[in-house]
Structures are given as C-alpha cells and as structure tokens.
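Participant: My questions all concern the structure below.
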Amino acid sequence: MLKLLTKLPLYWTYRQFGWPTMLPFSIVVSVSYRCNSKCKTCDVWRKPNDDMTFEEWDKTFAKIGRGPLYFTFTGGEPFLRKDTVDLALSAYEHCRPAVITIPTNGILTKRIIDSVERLCEGAPTTNIGINLSLDEVGERHDEIRMVPGNWKKAMHTWSELKALQKRHKNLVLTNHTVISNYNIDRFFEIYAGLEFLKPDSYITEIAEERVELDTVGWEITPMAEKYGPIADFLSEKAHQRRVSGFAKITQAFRAEYYQLAKRVLYEQRQVIPCYAGWASCQIAPNGDLWSCCIRAEGVGNLRENDYDLRRIWTGDAMAELRDSIYNGECHCPMANASYANMLLHPPTMARVVSTVVSP
C-alpha cells in the first residue's frame, strides 16, 4: 500500500497529461460468464462462453508483472471454473498483489472451501477476500437468485469458511448485498437478518444496468430518494464497526463509498474524477480489455496482442475511450472503479486516513 501511495501523483499526471504511462493497479478478471444462479438482477449466465485457458491467463499475468495492488476474480460464478484458484495463484506468482478478492454465491461448498484453503496457503503474503453474496434472508434470497436451496447451501459454505479462517489469518470474510428494486424496501430487515453471520466486513453495491450483464433497460437500479437513507445508515454503521487491520481500512473506504454512490445517483455525474482506463480496468473471459464493466467497450483483445496488456493499454482505441471518460460522458457508482477513484482523490483519502488512525 505504501508503495502505491508514492505512485499516486504519477496517476494524476497520467490522467491529466497522458504521461508517464502507468499500468492499472486494480484489475478485475472475469474468468467466465457461466453461473449456477439465475438472478433477477443479472443475465450474464445466458451469454456465450469463450473463456481463456489457464495457459493464456498465465502468459497475461507474466507480462503484466509486478505492480497491481488489487485483483478481483469474478464471473458468473468464479468457482464454476475448476482452475480459478490456479489463475489467482498465477497472478500472485507474477504480480504479487496485496489483495485478491473472489465473490461467490456459495452454492459449491466443497469446491469453494478446497479452493480457498489452497489459495490462502499458496499466497501467504496476500489478503484473500471471499465475498459471499446474500441479497435477502432465507427463501426470499432463493427467490431473487432463482435457485431453490441457495440460502441453505450458502450458510453451509459460510460456516466452513469461518472454520477455515481460524487456520488462515490472511483470509478476510465479507457478506455482500446487491441493493435493487427487488429488495430495497426490505433493506433494514435484511441488514438485521444477516448480522448473526458476523463477517469481517459487510458491503453493499447498487444494482446497475450493465452492458456486461445484459441488464440495460431492466429498471433494477433504485431511485436516489430510496437509496439515500440507506447510504447514510451504512456509512454510520461502517464508522461504528469495531474492526482492525485490513478490515478497518476496508470499512473506512466503504463509509466513503456509500456517500459517493448516493451523490452519483442524485447528481447523475462523475462526482469525483473517474480513473477507469488509467488506474483500473477489467478483462473479459475471452481476453477483451475494458475500462470497466459498465460500458464494457472492448479496446483490444489479449489473444490478438500476444497476451500483452501494455500493447492495448497504450493503443489508440484506449486513448479514445479515455477521452470520453475524462470528458464526463459517463458516470456510475460501480464499486471496483470507485475504490481506485477514491484512492486518487485527496479529500477522500484524507477522510479515510483520519478514520483508520482514530482509536
């Protein structure tokens, strides 16, 4: 983290003047669109698959090399790929990120537990974050996820993860709720109903209409007027939560994120400068490079560029997309990009540091 802080001024000048060229420090890797949930807020499971192989991802990570701070391995359901943990370990070997995060619906208990244990053992100097997605409580969760028995299986997975955490101190366990028009009216009941799980961190994200998820036009995003009180509640809870270490840093950023997301919904603009395409990016399962998953505009494919992200990153198509982002032609409350944006926004960082160092 300290090494990244020394680089932040370089990202500021990179966005402002186009130099020096910096690779992203936050990378989202979509390992596959395949999913064993059929969520009311997501249609990604219907998309055709052309997943890069382990060997292809290994070449990609080797050419990226040291530098990225944060990797997220997502899907679909990441653990449907039997080699997802091998991909994460390859990223660890070549890039040495400080954080590797994997979200999951918790259905494949044995595979998830075996994979997470191997990842914790194989990447001992990295914080391993496992985010269990829970959008409701009990059968209501199954109704949103469109999979009978999802809640029961997720609870079994959570119990096993808690036991695993006792053996691996680099394992951080999080509950994650997508707030949509399907559950926003029950959010406070959902929050109370999940408290017994006692996660290291509880996070929420707003359901968005994404090109990646084929949800454009679904009207799943809640109105700002409904989300505003929830954002204030979550920020206050994040400040009150008594945690330490990495979890305290995460909570401090979350408290800021909820207020940022609220403002984006109300004001419909980039409230702080967006660094997607400079400090963060996403790679699709087939190797297409995007600035982010909201626009999901491919600017080049790794397979066609010898698995060298740098070639695409410095190309004309990426430069054109950056111009659009820089000019504020898009805005969103997407969490992954927002974290990078907040790191690069001095007023936000000052508030985060104040929260972290406070007793």
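The values are calculated or read from the model by the stated rules, or taken from the named source; none is laboratory data. Worth saying up front: this structure is predicted, and the values here are computed from it rather than measured. When we count neighbours, we look across all protein chains shown, and the Cβ atoms used for this are built from the backbone with ideal geometry, even at glycine. To get the accessible areas, we keep the full protein, side chains included, count just its heavy atoms, and leave off ligands, DNA and RNA. Shrake-Rupley method; radii C 1.70, N 1.55, O 1.52, S 1.80 Å.
Participant: For region 63-80, indicate whether the set of residues that are in a helix (DSSP H, G or I) and either at pLDDT below 95 or in contact with a Phe, Trp or Tyr (Cβ under 7 Å, 6 or more places away or on another chain) (or both) is non-empty.
Facilitator: Taking region 63-80 first, the residues in a helix (DSSP H, G or I) are 63-64, 78-80.
Checking the rest, the ones that are also either at pLDDT below 95 or in contact with a Phe, Trp or Tyr (Cβ under 7 Å, 6 or more places away or on another chain) (or both) come to 63.
Checked region 63-80: at least one residue is in a helix (DSSP H, G or I) and either at pLDDT below 95 or in contact with a Phe, Trp or Tyr (Cβ under 7 Å, 6 or more places away or on another chain) (or both).
Participant: Applying the selection to region 216-251, what residues are touching a Lys or Arg at 6+ places or on another chain (Cβ under 8 Å), crowded, with 20+ Cβ neighbours inside 10 Å and of a type outside the set (S, T, Y)?
Facilitator: Once the filter is applied, which keeps residues that are touching a Lys or Arg at 6+ places or on another chain (Cβ under 8 Å), crowded, with 20+ Cβ neighbours inside 10 Å and of a type outside the set (S, T, Y), region 216-251 yields I220, A231, L234, A238, Q251.
Participant: Test each condition in (1) in a loop (DSSP other than H, G, I, E, B); (2) modelled with pLDDT under 95 for Q270 and report the one that comes out false.
Facilitator: (2)
Participant: Which one is farthest from A335 (Cα to Cα), of the residues in region 279-292 that are open to solvent by 10 Å² or more (accessible area, probe 1.4 Å) and part of a loop (DSSP other than H, G, I, E, B)?
Facilitator: Out of the qualifying residues, it is N286.
Participant: For region 197-212, how many residues are touching a residue at least 24 places away in the same chain (Cβ under 8 Å) and in a loop (DSSP other than H, G, I, E, B)?
Facilitator: Narrowing region 197-212 to residues touching a residue at least 24 places away in the same chain (Cβ under 8 Å): 197, 199-208, 210-212.
From the residues that got through so far, the ones that are in a loop (DSSP other than H, G, I, E, B) too are 199-200, 207-208, 210-212.
Qualifying residue count for the region: 7.
Participant: Which ones in region 213-244 are part of a loop (DSSP other than H, G, I, E, B), on the phi < 0 side of the Ramachandran plot and in contact with a helix residue (DSSP H, G or I) (Cβ under 7 Å, 6 or more places away or on another chain)? If you could, list the steps in order and put the result at the bottom.
Facilitator: Going through region 213-244, the residues part of a loop (DSSP other than H, G, I, E, B) turn out to be 213-223, 241-244.
From the residues that got through so far, the ones that are on the phi < 0 side of the Ramachandran plot too are 213, 215-216, 218, 220-223, 241-244.
L213, P222, R241, V243 - these are the residues of region 213-244 that are part of a loop (DSSP other than H, G, I, E, B), on the phi < 0 side of the Ramachandran plot and in contact with a helix residue (DSSP H, G or I) (Cβ under 7 Å, 6 or more places away or on another chain).
Participant: So M22 fits all but one of (1) assigned to a loop (DSSP other than H, G, I, E, B); (2) of a type in the set (A, V, I, L, M); (3) open to solvent by 40 Å² or more (accessible area, probe 1.4 Å); what number is the exception?
Facilitator: Checking M22 against (1) assigned to a loop (DSSP other than H, G, I, E, B); (2) of a type in the set (A, V, I, L, M); (3) open to solvent by 40 Å² or more (accessible area, probe 1.4 Å), the one that fails is (3).
Participant: Output yes when any residue across region 100-123 is closer than 20 Å to Q282 by Cβ, modelled with pLDDT of 95 or more, of a type in the set (A, V, I, L, M) and touching a strand residue (DSSP E or B) at 6+ places or on another chain (Cβ under 9 Å), and no when none is. Talk me through it step by step, then tell me what you get.
Facilitator: Applying the first criterion (closer than 20 Å to Q282 by Cβ) to region 100-123 yields 100-105.
Okay, now just the ones that are also modelled with pLDDT of 95 or more, so 100-105.
Among the residues that remain, those that are also of a type in the set (A, V, I, L, M) are: 100, 102.
With the extra rule that they be touching a strand residue (DSSP E or B) at 6+ places or on another chain (Cβ under 9 Å), the set shrinks to 100, 102.
Yes.
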